[in-house]
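S.K.: Before I ask anything, let me first share the structure, which is written out below as structure tokens.
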Amino acid sequence: MYQIQLNHLVFGRVRAIRGYASLPWLQGSHQAPSVPHAFLLLLIVVCIPIFSIAQTSSPNVFSKAAVVCAHPEAARVGEGVLRKGGNAADVAFAVHFALAVVYPSAGNLGGGGFALWRSTGGEYDFLDFREKAPESATATLFLDAEGNPVPLKSTETHAASGVPGSVAGLFAFHRKYGTLNRADLLKYAIRLAEQGFSITQMQADDFNLYAEKFKSLNPSNKYLQKATDWKAGDRLVQKDLAKVLKAIQAKEEKGFYEGRTAKLIVKEMKRGNGLITYSDLKNYQAVWRKPISGTYKGYKVVSAPPPSAGGLALLQMLKLSERVDFSAFDHKSVDDIFYSTEVQRLVYADRAKFAGDPDFFSLPIDSLLSDEYLNKRAAKINPYTPNKSSDILPGHFPVLEKENTTHFSIVDEQGNAVSLTTTINDHYGSKIFVTGAGFLLNNEMDDFSIKPGTANMYGLTGMDANAIAPGKRMLSSMTPTMVEKDGKLFLILGTPGGSTIITTVYRLIIQVVDQKMTMNQAVAGKRFHHQWLPDVIFYEEDALTPEMQEELIRMGYELRLRGYIGRADCIRILPDGGIEAAPDPRGDDSAAGY
Ligand code: DON
């Protein structure tokens, strides 16, 4: 087995070198050793099953419209709206509010996100409803008198919360593109909150896991707490949350940013020395931005612009990857991991320095995507000789494993599409609920660089571009993306996963476009990730065989096993127009449609 793997590696090199000999990082590379004929035969036999797997048909193929998201109840809501003739914006509105009820770990009223829209005719639009720093926030907010970060202050306190953007965003989005009555679309979420729904096994385990945390951080409420352990099938009823949703139903975004809900938020802030004021809430506005776009091997890729680092980093990775023949590699091979890792390392180094809120900092996007610059970067990759991140900038930082955000993808009967990622940052955000309102506060302030070079909870560092300033949006990795083939919608992609979001979306494109996997195969496939610092390849269980691990370590990589990477809920449009919806099997994620 080991022998096969090593020789397969050689085969990958041969293909890569042949196809790209004149390109920067393949110049002067190894001579391909001659491969015995008998081995080539064996290789063909080994490879045939891989390619035939890639061509099998997928489950979850719908003919007209589909939604794929993190919870079966929310997927049902989405299907209901589609069947009533709702378009993708109607579905996004109803599903986001439903997720705020049935998926409290990440679905939210108290967070923010990004939505990418594509109309039937192929016009794109992008809404930024990312949280903002409150007006009284300062660059040293999370530092003590000596200038050191105060432990947990940017993650588990009221001050960790940015001004929520989700409710403003959903109304702005729906006003521009929706067709159905918004009060009616809110009925689904209100019913789920008022009458309750049955929690899944995963949710029961999760609520039990966080029980102590909820208790200690919420002395004035009992949300998600229960005298005995939660079990699958228990009914979760959220009356206070239903009241807030009804206020939103009656007064639209004013039902959240003003009146009773605003009062409850400000009261909660006072209880815990938080920063958000009435005027922060009243002044919050979502922003329409031009999505970032580029091409990859003839495919058009459209994604999230700053203040997400996602789209820019994704395009940098794909542009660098145009120099590699990934179709020559099995997705589970050393070659595949080597090239992806080196590309990811280079791009994440740029992320730390150059990315931030474009309303506060001018980003050199064109330079970062220019061929001249990327050729120089590509020249740093020498086949099968890993770089060291410490040669670029020193530092080692921890990456925590529990994290959450949520993504959903929608395509409607007319062919409009939505790719939307939304978050309260960490799993259950700050874990602090707004007493009387029943929703969680985000801890998105941790996505700022709280001190230059200090890692956030995802191990990401930053500099001035992402320093805290009043009214500024914190840098994000969320990467809602669409890919077109021959001018037609091909993929709708996105995932949670903090710093791993960008590399997950990048790998999904490589797997589907180059390695001809179905969307479901790519989504279910085991993942790995490199983010420059720490200088480590993180991998999910079974992502690397023991032989691959041995080979990668021999090459000089440090490997670290970790929990799940991402939960991608994606769609691929098949050549016959069928809609392949791919819910991530790592969670309760579900697809619905017809
Ligand atoms: O905006 C960001 O990049 C992060 N707040 C996203 C957090 C996240 O994906 C956590 N989920 N797993």
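S.K.: Only residues that are assigned to a helix (DSSP H, G or I) and either of a type in the set (Lys, Arg) or more than 25 Å from Leu217 (Cβ to Cβ) (or both): list them for segment 249-274, please.
M.R.: Result: Gln249, Ala250, Lys251, Lys254, Gly255, Gly259, Arg260, Lys263, Lys267, Lys270, Arg271.
S.K.: Determine whether Phe326 is of a type outside the set (Asp, Glu), closer than 22 Å to Leu491 by Cα, more than 15 Å from the ligand (Cβ to nearest atom) and in contact with an Asp or Glu (Cβ under 9 Å, 6 or more places away or on another chain).
M.R.: Against the criterion (of a type outside the set (Asp, Glu), closer than 22 Å to Leu491 by Cα, more than 15 Å from the ligand (Cβ to nearest atom) and in contact with an Asp or Glu (Cβ under 9 Å, 6 or more places away or on another chain)), Phe326 qualifies.
S.K.: Considering only segment 157-200, how many residues are without any contact (Cβ under 8 Å) to a residue 40 or more places away in the chain and part of a helix (DSSP H, G or I)?
M.R.: Selection size over segment 157-200: 3.
S.K.: Another question about this same structure. Which one is surrounded by the fewest Cβ atoms within 10 Å (Cβ to Cβ), of the residues in segment 265-293 that are in contact with a Gly (Cβ under 9 Å, 6 or more places away or on another chain) and either among the small types (Gly, Ala, Ser) or modelled with pLDDT under 95 (or both)?
M.R.: Here the answer is Ser293.
S.K.: Residues of segment 275-300 being hydroxyl-bearing (Ser, Thr, Tyr), in a helix (DSSP H, G or I) and closer than 20 Å to Phe433 by Cβ, which ones?
M.R.: Matches in segment 275-300: Tyr278 only.
S.K.: Right, here's the next one. I'd like to verify a number: residues in segment 101-137 that are closer than 27 Å to Arg191 by Cα, small (Gly, Ala, Ser) and either out of contact with any strand residue (DSSP E or B) (no Cβ under 9 Å at 6 or more places or on another chain) or part of a loop (DSSP other than H, G, I, E, B) (or both), how many?
M.R.: Residues in segment 101-137 being closer than 27 Å to Arg191 by Cα, small (Gly, Ala, Ser) and either out of contact with any strand residue (DSSP E or B) (no Cβ under 9 Å at 6 or more places or on another chain) or part of a loop (DSSP other than H, G, I, E, B) (or both): 5 in total.
S.K.: Ok, one more. Restricting attention to segment 513-528, report how many residues are among the aliphatic types (A, V, I, L, M) and either under 13 Å from Pro480 (Cβ atoms) or not in a helix (DSSP H, G or I) (or both).
M.R.: Matching residues across segment 513-528 total 1.
S.K.: May I pose another question? What residue, among those in segment 134-166 that are surrounded by fewer than 18 Cβ atoms within 10 Å (Cβ to Cβ) and hydroxyl-bearing (Ser, Thr, Tyr), is nearest to Glu253 (Cα to Cα)?
M.R.: That would be Ser136.
S.K.: Here is a further query. Give the number of residues within segment 208-230 that are more than 26 Å from Lys270 (Cβ to Cβ) and either of a type in the set (Ser, Thr, Tyr) or in contact with a helix residue (DSSP H, G or I) (Cβ under 8 Å, 6 or more places away or on another chain) (or both).
M.R.: 4
S.K.: Shifting gears a bit: Show the residue pairs meeting these rules: Cβ distance below 8 Å; 6+ apart or different chains; first residue within segment 120-132 and more than 21 Å from Phe448 (Cβ to Cβ); second residue within 16 Å of the ligand (Cβ to nearest atom) and of a type in the set (D, E, K, R).
M.R.: Phe126/Arg289; Leu127/Arg289
S.K.: Between residues in segment 500-525 that are on the phi > 0 side of the Ramachandran plot and residues that are surrounded by fewer than 24 Cβ atoms within 10 Å (Cβ to Cβ), which pairs lie under 6 Å by C-beta distance while being six or more apart or on different chains?
M.R.: Note: pairs meeting the criteria are Lys516/Ala54.
S.K.: When residues of segment 71-119 are filtered for being among the β-branched types (Val, Ile, Thr) and within 21 Å of Ala304 (Cβ to Cβ), how many remain?
M.R.: Qualifying residue count for the region: 2.
S.K.: I've got another one for you. What about Val343, is it over 17 Å from the mean Cα position of the chain (by Cα), closer than 17 Å to Ser499 by Cα, surrounded by 24 or more Cβ atoms within 10 Å (Cβ to Cβ) and not small (Gly, Ala, Ser)?
M.R.: The answer is yes for Val343.
S.K.: Could you pull out the residue among Pro398, Pro386 that is out of contact with any strand residue (DSSP E or B) (no Cβ under 8 Å at 6 or more places or on another chain), closer than 18 Å to His529 by Cβ, modelled with pLDDT of 90 or more and surrounded by fewer than 23 Cβ atoms within 10 Å (Cβ to Cβ)?
M.R.: Answer to the check: Pro386.
The values are calculated or read from the model by the stated rules, or taken from the named source; none is laboratory data. Note that the structure is a prediction, hence the values are computed from the model and not measured. Reconstructed Cβ throughout: ideal geometry from the backbone, glycine too, with neighbour counts over all protein chains shown.
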